[in-house]
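The values are calculated or read from the model by the stated rules, or taken from the named source; none is laboratory data. All values derive from a computational prediction rather than experimental measurement. With ideal geometry, Cβ positions are generated from the backbone for all residues, glycine too; neighbour counts draw on all protein chains shown. SASA here: full protein model, heavy atoms, side chains in, ligands and nucleic acids out. Shrake-Rupley method; radii C 1.70, N 1.55, O 1.52, S 1.80 Å.
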Amino acid sequence: MARLETLKKLETTLEKFLGRAVDTETARLENFQSIDLLDDIARDSMKGRFINNRLGSWFARNNELLSNKNMKEFEISAIANLLNDIQSAMDPSDAETQKLAEEIDHWKEQGIAPKRKLVLKMKGETAELSITEKFMELLKKEAELLEFDPNKGEHLLTILDDVLKSADAKEDPMFVHLAASIIYFMRMHGYKVGPFVKRLKEIELKKTGGSHAG
Amino acid sequence: MLADAEKAYFKALEALKNRDYAAASGFFKTAENQFTDRLEFRILQATTALLLAVKEEIFEIENSRIEIEEISSYGKETEFRR
């Protein structure tokens, strides 16, 4: 009986300790929930899904982050990188998307600037990347996309189907390259890829307005 | 995109806030490679593991008490199941 009482006291003490420890992190937890939501939006954006409404709501709800002096460096960096990812996948041909792109620029002006990717941008401004470096960058970007693909772990055909949908919906030529790369890889492994090749050709024709020669 | 470990760490804090200690323990495990050099992380992870062990011990003691009480209720106590 004494052992049980001792254990219950210890249980209460540990729960109180964890509760207090988490309370001190509450502000960071709220920041994380905002970052986590933005991360979901960025992932959907990379998949070619419509994100304008959710991004607009995110800006409206998190406007105070711009004036929050207690944000940690890695939180600022995470938000900046996610906004950068979203902006790079935007197709600002319509007014609504253009407005959201301008809001991202506003956040950057307020100090929410990407840290990790800034290095790459500066390099690009001072020296043009060689074709080899461009290719390596593309492969890296494709690997990152697959790493965070919701279908990760699924059969490659499922992933290919998703990539083809993105290739069709988005302007970024990376999706076309990635689809072609997966198709070729599957052909090398004996899969019948005819229908996928047909889809990819149709997408290419659509994007070039039917002027593509090959 | 956020790294899986970063997400896992904050999800662990979220789980602790909701008193879901088993879930928190799982998220800490996912995050440990990236955060193991941070003292606050190690303390929270170890405390959560200790709390889960304490809860398990309490559960076992309370369950064995119920069994003993059930045996006694049928008359003379002839055996203990633990």
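Label-to-label distance for A:N53 and B:R19 is 3.7 nm, based on points extended 7 Å past Cα in the beta-carbon direction. Computed with a 1.4 Å probe on the full set of protein chains, the accessible area for B:R19 sits at about 150 Å².
Net charge in the neighbourhood of B:K55 (other residues with Cβ under 14 Å of its Cβ; Lys, Arg +1, Asp, Glu -1) is -4.
For the residue pairs A:K16/B:K17; A:K47/B:K29; A:K165/A:K198; A:K16/B:K11; A:K69/A:K140; A:K170/A:K206, the alpha carbons lie more than 22 Å apart in A:K47/B:K29; A:K69/A:K140. Applied to the stretch A:55-71, the Karplus parametrisation 6.51 cos²θ - 1.76 cosθ + 1.60 on θ = phi - 60° returns per-residue 3J(HN,Hα) values of 5, x, 5, 4, 4, 5, 7, 10, 4, 5, 4, 4, 9, 6, 7, 9, 5 Hz, with x for Gly and Pro.
Counting only other chain Cβ atoms within 10 Å of each residue's Cβ, the peptide A:52-64 averages 0.
In the complete set of protein chains, residue-level accessible area for A:E204 is approximately 60 Å², probe 1.4 angstrom. The Kirkwood hydrodynamic radius of chain A, based on inverse pair distances between different Cα atoms, is 20.6 Å. Each residue of the stretch A:183-193 was assigned a 3J(HN,Hα) from its phi angle through the Karplus expression (A = 6.51, B = -1.76, C = 1.60, θ = phi - 60°), giving 4, 5, 4, 5, 5, 4, 9, x, 7, 7, 10 Hz with x at Gly and Pro. Of all aspartates and glutamates in the structure, the ones whose alpha carbon falls short of 16 Å from that of A:K99, not counting any fewer than 8 places away in one chain, are A:D91, A:E109. Computed from backbone phi, the HN-Hα couplings of the stretch A:166-171 come to 5, 4, 6, 8, 10, 7 Hz, rounded to whole numbers (Karplus: 6.51 cos²θ - 1.76 cosθ + 1.60, θ = phi - 60°; Gly and Pro given as x). The slack in the chain from A:I131 to A:Q98, taken as 0.36 nm per residue of separation less the alpha-carbon distance, amounts to 8.8 nm.
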